[in-house]
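First the structure, in the form of structure tokens, and then the observations on it.
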Amino acid sequence: MTRLLIILTVLTFVSCGQTNKKSGDTNSSVDTKNVDLNIKPFELIVYDADYSMAYTLQYILTDKDLKIIFKGDLQGEKDSTLFKTTLQPNEALNKLSNINIDSLKESYSNPCIMDGSQVTVKLNKDHKSKTVHLSNYYQTDIGLAIELINSLTPKEYKIWYDKAKLLEDQENCK
């Protein structure tokens, strides 16, 4: 009986410090202090405009946090912060901090679709800035950023950027 209690006690202590990390889980409780992530400072701003309603949601993602700001286009409207969260170091932030800003084009578009998804992104890092406009087009680096933002935000603030649909539309355009 004593042996059984000792074994159960040891198993309890051993299992208490373990956590599970789901694939793609950016806010996992896994201790990232021991993981060697070289996250360089960056700021990525996504502008999601609704011109018919005269406002823009501005998503500001940095290596440290995410903020969503409402920017009214009507005279007298003040900007307001809708959502803010602090981020823990993770692999997605590491990838975003290592995007080669010089490799990005200023514009990506699907010429077969005239309206639809219009996303503008401004990336600031390494004392450089690049603005990229995507018109019905899936771009991998921007896709990673939007997927991360969407994984962190409440449902009502998610950005429509459907990878499968955009890629299908691009393929059908050829």
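Numbers for the structure displayed
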| item | result |
| --- | --- |
| Which listed residue is surrounded by 11 or more Cβ atoms within 10 Å (Cβ to Cβ) and in contact with a Phe, Trp or Tyr (Cβ under 6 Å, 6 or more places away or on another chain), from Ile68, Ile45, Ile39 | Ile68 |
| The stretch 38-71, residues that are of a type in the set (Asp, Glu), free of Cβ contacts under 8 Å to residues at least 60 places away in the same chain and not in a loop (DSSP other than H, G, I, E, B) | Asp50, Asp65 |
| Residue tally, condition of a type in the set (A, V, I, L, M), crowded, with 16+ Cβ neighbours inside 10 Å and farther than 22 Å from Ser151 by Cβ, over the stretch 105-124 | 1 |
| Test: residue in the stretch 69-83 that is touching a strand residue (DSSP E or B) at 6+ places or on another chain (Cβ under 9 Å), modelled with pLDDT of 95 or more and of a type in the set (D, E, K, R) | no |
| Subset of the stretch 104-154 (residues that are of a type in the set (A, V, I, L, M, F, W, C) and assigned to a strand (DSSP E or B)) | Val119, Val121, Leu123, Val132, Leu134 |
| Total residues in the stretch 133-155, condition of a type in the set (A, V, I, L, M, F, W, C) and either open to solvent by 50 Å² or more (accessible area, probe 1.4 Å) or over 23 Å from Asn90 (Cβ atoms) (or both) | 1 |
| Residue count, the stretch 126-157 (criterion: of a type in the set (D, E, K, R) and more than 21 Å from Asp50 (Cα to Cα)) | 4 |
| Every residue from the stretch 72-95 that is part of a strand (DSSP E or B), within 20 Å of Val121 (Cβ to Cβ) and open to solvent by 60 Å² or more (accessible area, probe 1.4 Å) | Thr81, Leu82, Lys84 |
| Selection count, the stretch 156-174, where residues are of a type outside the set (A, V, I, L, M), surrounded by 12 or more Cβ atoms within 10 Å (Cβ to Cβ), part of a helix (DSSP H, G or I) and in contact (Cβ under 8 Å) with a residue 40 or more places away in the chain | 3 |
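The values are calculated or read from the model by the stated rules, or taken from the named source; none is laboratory data. The model shown is predicted, which means the values in this text are computed figures rather than measured ones. Note that each Cβ is placed from the backbone with ideal geometry, even for glycine, and that neighbours are counted across all protein chains shown. Accessible surface areas use protein heavy atoms only, side chains included; no ligands, DNA or RNA. Shrake-Rupley method; radii C 1.70, N 1.55, O 1.52, S 1.80 Å.
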